[in-house]
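Below is one structure; the comments refer to it alone.
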Amino acid sequence: MAEVLVLVDHVDGEVKKVTTELLTAARRLGEPSAVWVGDGAEEGVARLAEFGAAKVYVASGELNDYVTAPTAELLAKLARDAEAAAVLVSATAQNKEIAGRLAVKLDSGVLTDVVDVDADAVAEHSVFGGAVVTHARVRTGAPVIAVRPNSIPAAPAETPGEAIRESVAVELSDTARAARVVERVKQEQGARPELTEAAIVVSGGRGVGSDDFSVVENLADSLGAAVGASRAAVDSGWYPNQFQVGQTGKTVAPQLYIALGISGAIQHRAGMQTSKSIVAVNKDPEAPIFELSDFGVIGDLHKVAPQLTEEINRR
Ligand code: FAD
């Protein structure tokens, strides 16, 4: 069976959920091999094997000092050596750049914002902010596929084996060394779950009315949820931009998404419309968010959300 390379997303040795989703998709295309760039691989190998990785290529050391170009060179080398059937990465801004560079090196093609992929490497992807779904297939070479987090449900392999670890190195070109990371600053997450991995997300929009997001945060905390924000709220400086949900923010697909004072613009929907249940609180009965909501409350969020928080905390 042909190898399918999966670039691992990890934080401090912990494999991110999106990687388990990519491995699930990779199993449809061939035999998954994970590619780990950076330290901490020994902690993640078992998790990768659980989701079907037969091999884990580990490149640590110098490669970690750079951003996109060296990883693209590494993946190109591995893909050529293994005659890989495809390369899968998560559709983050950084990985989409890696995907583009890699496709050029492999003389193949890249598909981004993919939400599903079948055994023939036909990818479904979401374009124009989720308004149109298209199907596409790369016709030459090993396709490079950037998959959106939370699009493909992760499932452990039926017969997980033990992933073989293999250290790899790549001779970096001058181009790859052009930009070096000088500092990494960890974004404070607080006690709340990571936005893209949370089972419940409570987001606030312009309707919150000020940078006092406590009405959103209190409801989120009562539910053990992550906090998100619309771009209007982020652009107003009310909430940090790493919490923006939407086309130019994060994509989330929690079990429950609660939108407080968010109108439901197409660019916001693009980041949350695949949530399992959507609840909206909006004072405008005509707000487009109600078109995709499972439950809607027409009312002032500053009255509704605190009542909801109080009731949840009471139980
Ligand atoms: P508004 O559209 O102003 O809606 C506010 C809502 O709050 C209204 O429906 C109003 O009825 C309601 N409201 C007001 N007061 C209350 C109250 N007291 N109680 C209850 N309801 C109340 N947007 C994103 O969110 N994410 C993106 O990633 C994103 N990317 C974009 C990319 C591009 C290229 C472009 C052009 C736009 C993008 N946008 C994005 C912006 C998007 O078009 C909208 O402008 C934005 O989503 C609106 O945010 P909002 O719903 O909070 O604000």
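The values are calculated or read from the model by the stated rules, or taken from the named source; none is laboratory data. Everything numeric here is computed off the predicted structure, so don't read it as measured data. Positions of Cβ are generated from backbone atoms using ideal geometry, with glycine treated the same way; all protein chains shown enter the neighbour counts. Side chains included, ligands, DNA and RNA excluded: accessible areas come from the protein's heavy atoms. Shrake-Rupley method; radii C 1.70, N 1.55, O 1.52, S 1.80 Å.
Of the cross-linked pairs K276/K303; K17/K55; K186/K276; K186/K250, those separated by over 27 Å at the C-alpha level are K186/K276.
The mean sequence distance of close C-alpha pairs (under 8 Å, at least 6 residues apart), as a share of the length of the chain, puts its relative contact order at 15 percent.
Using only alpha carbon pairs under 8 Å that are at least six residues apart, calculate the relative contact order of region 49-142 and give it in whole percent. Working shown, then result.
Working: 100 pairs, mean separation 19.9, N = 94.
This gives 21 percent for region 49-142.
When the chain is fully extended, how far beyond the present Cα-Cα distance does N313 get from V181, taking 0.36 nm per residue of separation? Show your work: numbers first, answer last.
Details: separation 132, 0.36 × 132 = 47.52 nm, distance 4.41 nm.
Computed gain between N313 and V181 is 43.1 nm.
Could you estimate the translational diffusion coefficient of the chain from the Stokes-Einstein equation, with Rh from the Kirkwood formula over C-alpha pairs, at 20 °C and 1.002 mPa s, in whole µm²/s? Value of D from the Cα-based Kirkwood radius: 104 µm²/s. Think of a 1.4 Å ball rolled over the protein heavy atoms: region 196-315 then has 47 Å² of accessible area per residue. Under 20 Å from a label point set 7 Å out along the Cα-to-Cβ vector of D300, the amide N atoms of region 199-213 belong to 204-213.
For the chain, the mean residue ellipticity at 222 nm estimated from helices alone is -8000 deg cm²/dmol, where every DSSP H run of n ≥ 4 contributes -39500 (n - 2.57) and the total is divided by all residues, rounded to the nearest 500. Other residues whose C-beta falls under 14 angstrom from the C-beta of E14 contribute a net charge of -4, scoring Lys and Arg +1 and Asp and Glu -1. Over region 184-315, Cα pairs under 8 Å with separation of 6+ residues give a relative contact order of 23 percent. The trypsin sites (Lys or Arg not before Pro) of region 56-160 that DSSP puts in a loop, and whose beta carbon has at most 11 other beta carbons within 10 Å, are R139.
For the chain, the longest stretch holding no GluC sites (Glu not before Pro) located in a DSSP loop with at most 10 other Cβ atoms within 10 Å is which?
Looking at the chain, 189-285 is the longest stretch - no exposed GluC sites (Glu not before Pro) with at most 10 other Cβ atoms within 10 Å.
Considering only the other residues whose Cβ falls under 10 Å of the Cβ of A270, what net charge follows from Lys and Arg at +1 and Asp and Glu at -1? Residues close to A270 contribute a combined charge of +1. Heavy-atom accessible surface of region 1-137, averaged per residue, reaches 39 Å², computed with a 1.4 Å probe. Per-residue extension of 0.36 nm, minus the Cα-Cα distance of H135 and Q242, leaves a gain of 35.5 nm for this segment.
A Cβ-based charge dipole, computed about the Cα centre of region 1-91 with Lys and Arg at +1 and Asp and Glu at -1, lands at about 400 debye.
Take every DSSP beta bridge with both residues inside the chain and express the antiparallel ones as a percent of the total, to the nearest 5. Walk me through the intermediate numbers first.
Numbers: 11 of 55 bridges.
Among the beta bridges of the chain, antiparallel pairing accounts for roughly 20 percent.
Surface composition of the chain: carbon and sulfur make up 48 percent of the accessible area, probe 1.4 Å.
For a quick protection proxy, order the peptides 237-249, 27-39 by their average other-Cβ count within 10 Å, most packed first.
Numbers: 237-249: 19.2, 27-39: 21.8.
Listed from highest to lowest mean packing, they are 27-39, 237-249.
3J(HN,Hα) along region 152-162: 10, x, 6, 9, x, 5, 5, 10, x, x, 9 Hz, from the Karplus curve 6.51 cos²θ - 1.76 cosθ + 1.60 with θ = phi - 60°, whole Hz, x for Gly and Pro. Using the Cβ-Cβ distance between T159 and A119 with R0 = 22 Å, the FRET efficiency computed as 1/(1 + (r/R0)^6) comes to roughly 0.75.
In debye to the nearest 20, how big a dipole does the chain give about its Cα centre with +1 on each Lys and Arg Cβ and -1 on each Asp and Glu Cβ? Walk me through the numbers before you get to the answer.
Numbers: 29 positive and 43 negative charges, 101 e Å.
Around 480 debye, computed over the chain.
Grab the other residues whose beta carbon is less than 14 angstrom from that of S214, score K and R as +1, D and E as -1, and report the net.
Working: positive: R192; negative: D211, D212, E217, D221, E310.
That sum, taken over residues with Cβ under 14 Å, equals -4.
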